[in-house]
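Please read the structure below before turning to the comments.
What follows is calculated from the coordinates using simple rules that are stated; it is not laboratory data. Given the structure is predicted, the values throughout are model-derived calculations rather than measurements. Note that we place each Cβ from the backbone using ideal geometry, even for glycine, and neighbour counts take in every protein chain shown.
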Amino acid sequence: MTAKTLIGQTAIVTGASRGLGYAIAERLAHAGAKVHMVARNAAGVQEAAAKLAAATGAETRGWACDVGDSASVNETFGAILKESPAVEILINNAGITKDGLLMRMKDEDFDEVVRINLRSVFLCTKALLRTLIKQKYGHIVNLTSIVGVHGQAGQTNYAASKAGIIGFTKSTAKEVASRSITCNAVAPGFIDSDMTKALTEDQKSEILKSIPMGRMGEAAEVAALCAFLASKESSYITGQVFGIDGGMGI
Ligand code: NDP
């Protein structure tokens with residue numbers, strides 16, 4: 001039974017139609033929050049919002065938005081704030097990979113990964129910040145990755161975007177700390193999701209050897225950490241990067 005730590009609170013979760021984003025939205029809903037779920041594909045996110053409402057009884061809404069696009073973010077966040085003038089929680093989770101060795105990486109694959117993974121965090125945070133500052137309360141949680149801390153061959157674009165999120169998180173934390181707004185980053189290792197389903201069995205078994213716990217993580221485990229960082233229980237924690245990786249980063 002999830003503790004009802006978020007009753008009366010409203011959250012926005014990006015990339016919430018599946019994977020970690022859906023699990024985070026689900027956890028926040030179980031904790032009592034109203035959840036605005038954002039993803040690019042309209043049908044996918046509407047279906048996810050309906051499924052979550054049916055499963056939890058929580059108030060949910062699905063919004064189609066390209067989080068890397070200024071006009072799309074401003075329009076969507078404007079509409080969300082019209083409907084829910086007080087939003088206390090932002091989980092910047094949407095992300096993609098376009099892997100390849102640096103020698104062969106196309107310029108557009110670098111730009112697109114940085115746009116969707118990093119520019120999105122800037123756009124979504126900025127779109128909500130005035131509201132959080134006025135409220136003098138809020139929690140921002142940004143999904144980075146173990147790869148943003150340690151690097152990974154074949155993922156220079158992804159690692160750069162995720163390392164950028166860490167710098168963004170720490171700087172935002174410093175700017176807004178005096179308003180009782182926290183901004184933290186969560187750095188998962190290998191978590192079972194559509195993103196990691198793309199790996200071959202050989203790649204997976206090679207990765208498992210580097211995880212002291214000997215298994216992939218579950219989306220619900222990441223969601224529990226995000227829900228803690230989105231609650232009053234974490235009120236004195238800001239600017240931190242939390243590894244959640246079965247010991248992979250030790
Ligand atoms: P998935 O690929 O399973 O889901 C990605 C989500 O992001 C989908 O809801 C997708 O919606 C949404 N999305 C993608 N592009 C956009 C866009 N331009 N605008 C709005 N929404 C978008 O990813 P995961 O759940 O695996 O990963 C979630 C986050 O966690 C990512 O930031 C990822 O980098 C990070 N992470 C994941 C790890 C893992 O092992 N899975 C490890 C470390 C970090 P749609 O289908 O509509 O495009």
Compactness of segment 92-250, expressed as Rg and Dmax over alpha-carbon positions, Å: 16.2, 51
Inter-label distance for GLU221 and ALA50, nm, one decimal - labels placed 7 Å from Cα along Cα-to-Cβ: 3.4 nm
Residue-span extension gain [ALA86 to ASP111] - 0.36 nm each, minus C-alpha spacing: 5.7 nm
Inter-centroid distance (Cα atoms) of segment 107-152 relative to segment 192-206, Å: 25 Å
Scattering curve values for segment 1-47, log₁₀ I(q)/I(0), Debye with Cα scatterers, q = 0.16, 0.24 Å⁻¹: -0.39, -0.78
In segment 114-145, trypsin sites (Lys or Arg not before Pro) in a DSSP loop with at most 14 other beta-carbon atoms within 10 Å: LYS136
With 5 Å bins from 0: P(r) over segment 105-156, alpha-carbon pairs, percent: 4, 16, 20, 21, 15, 10, 8, 5, 1
Max mean-square fluctuation residue, GNM over the chain, Cα-Cα springs under 10 Å, options LEU229, LEU208, LEU28: LEU208
Max mean-square fluctuation residue, GNM over the chain, Cα-Cα springs under 10 Å, options LYS174, LYS232, LYS197: LYS197
Relative contact order of the chain, defined on C-alpha pairs under 8 angstrom at six or more residues apart (%): 19 percent
Relative contact order (%) - criterion: Cα under 8 Å, at least six apart; region: segment 109-231: 28 percent
Residue pairs, from the table LYS51/LYS98; LYS34/LYS126; LYS82/LYS197, whose Cα atoms sit over 27 Å apart: LYS51/LYS98; LYS82/LYS197
0 to 90° range, to nearest 10: angle between helix 19-30 axis and the chain longest Cα axis: 30 degrees
Extension gain from SER171 to ALA153, taking 0.36 nm per residue of separation minus the Cα-Cα distance: 3.8 nm
